[in-house]
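What follows is one structure encoded as structure tokens, with my remarks underneath.
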Amino acid sequence: MGRFLLYGLIAALHFLCAIASLQYTTPAHSLSIIYTAPIFVTIFSAIFLKETVRPRQWAGVVVAVLGVAILAGLEPHISLEMIYGDALALGSAIAFGFYSIAGRYERARYPLLVYASRVYGAAALWLLPAALLSLPGTPMGAWGWKQIASLLGLGLGPLALGHTLYNASLRRVHATYVNIIASQEVTGGIVLSWLLLAQTPSLNSLIGAFVTLVGTGLVLR
């Protein structure tokens, strides 16, 4: 259980830092920095799991991360507050790297759903005190049925389904491959915004998406 408390803490830090970063920096900065995670995954895989990565794949990681930066559209303005938010986003990326390595390391010890439920449960326990402390400052308008349904949907969709599929992939494929493909959620978000919200993607977004796909192709070849 000690290991799962550690894995839960890593997952909790990933989620907490990612969400908190948006309070201080722009979504463009936050996304761009969080999706440097493939670099950390690749480094940690080599150090802890002794999994080799070929030079071409390193190049693919760099190209894909560059594409995400273009996709998100880095802001030219900077302030101490934004630097703090950027540091939180970097912490989220590093935590995601460790989270990915943990999932691959434990693949032979525990069934997928046992592993996932223990990690998510431990993460929830770590974040519960912070959630309770924030309740008094939460406006009453945040507790409408739409907001509650959205939170439940986020828990069941991106977390319960999305992260469990991510952990399932880690059991079969090199962690770098899985993580670099997962970075395409930014591209997916642009496509969904176009289809569901009628938000036409900018030229910057299309170029960034193309660059990330090129990088992904280099990694997967």
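Just checking, does the stretch 89-105 include any residue being over 28 Å from T200 (Cα atoms) and modelled with pLDDT under 85? No - not one qualifying residue is present in the stretch 89-105.
Condition first: closer than 23 Å to A69 by Cβ and open to solvent by less than 90 Å² (accessible area, probe 1.4 Å). Can you find one or more residues in the stretch 136-156 that meet it? No; the residues of the stretch 136-156 include none that is closer than 23 Å to A69 by Cβ and open to solvent by less than 90 Å² (accessible area, probe 1.4 Å).
Within the stretch 171-181, can one find any residue that is of a type in the set (S, T, N, Q), modelled with pLDDT of 85 or more and under 22 Å from the mean Cα position of the chain (by Cα)? So far as the stretch 171-181 goes, no, none of its residues is of a type in the set (S, T, N, Q), modelled with pLDDT of 85 or more and under 22 Å from the mean Cα position of the chain (by Cα). N179: in a helix (DSSP H, G or I), open to solvent by 60 Å² or more (accessible area, probe 1.4 Å) and touching a residue at least 40 places away in the same chain (Cβ under 8 Å), yes or no? Taking the combined requirement at face value, the residue does not satisfy it. For the stretch 101-136, taking the residues that are β-branched (V, I, T) and under 16 Å from L9 (Cβ atoms), the one that is nearest to the chain's Cα centre (by Cα) is identified as I101. Per the listing L196, L161, L203, the residue uniquely modelled with pLDDT under 80 and open to solvent by 40 Å² or more (accessible area, probe 1.4 Å) is L203.
Looking at I78, I70 in this structure, which one is surrounded by fewer than 15 Cβ atoms within 10 Å (Cβ to Cβ), modelled with pLDDT under 85 and more than 28 Å from A160 (Cβ to Cβ)? Every option except I78 fails the conditions.
Give the number of residues within the stretch 13-60 that are within 14 Å of L88 (Cα to Cα), more than 12 Å from the chain's Cα centre (by Cα) and surrounded by fewer than 22 Cβ atoms within 10 Å (Cβ to Cβ). Let's see the steps before the verdict.
So the first thing to find is which residues in the stretch 13-60 are within 14 Å of L88 (Cα to Cα), and the list is 13-37.
Filter again for more than 12 Å from the chain's Cα centre (by Cα), leaving 20-29.
Then keep just the ones that are surrounded by fewer than 22 Cβ atoms within 10 Å (Cβ to Cβ); that gives 20, 22-24, 26-28.
So the count comes out to 7.
Given the criteria part of a loop (DSSP other than H, G, I, E, B) and closer than 19 Å to L170 by Cβ, does A108 qualify? Yes. In the stretch 127-144, the residues that are in a helix (DSSP H, G or I) reach residues that are open to solvent by less than 70 Å² (accessible area, probe 1.4 Å) and modelled with pLDDT of 80 or more with C-beta atoms within less than 6 angstrom, at least six apart or across chains, in these pairs: L127/A12.
The values are calculated or read from the model by the stated rules, or taken from the named source; none is laboratory data. These figures come from a predicted structure and were not determined experimentally. Here the Cβ is made from the backbone with ideal geometry for all residues, glycine too, and neighbour counts use every protein chain on show. Side chains included, ligands, DNA and RNA excluded: accessible areas come from the protein's heavy atoms. Shrake-Rupley method; radii C 1.70, N 1.55, O 1.52, S 1.80 Å.
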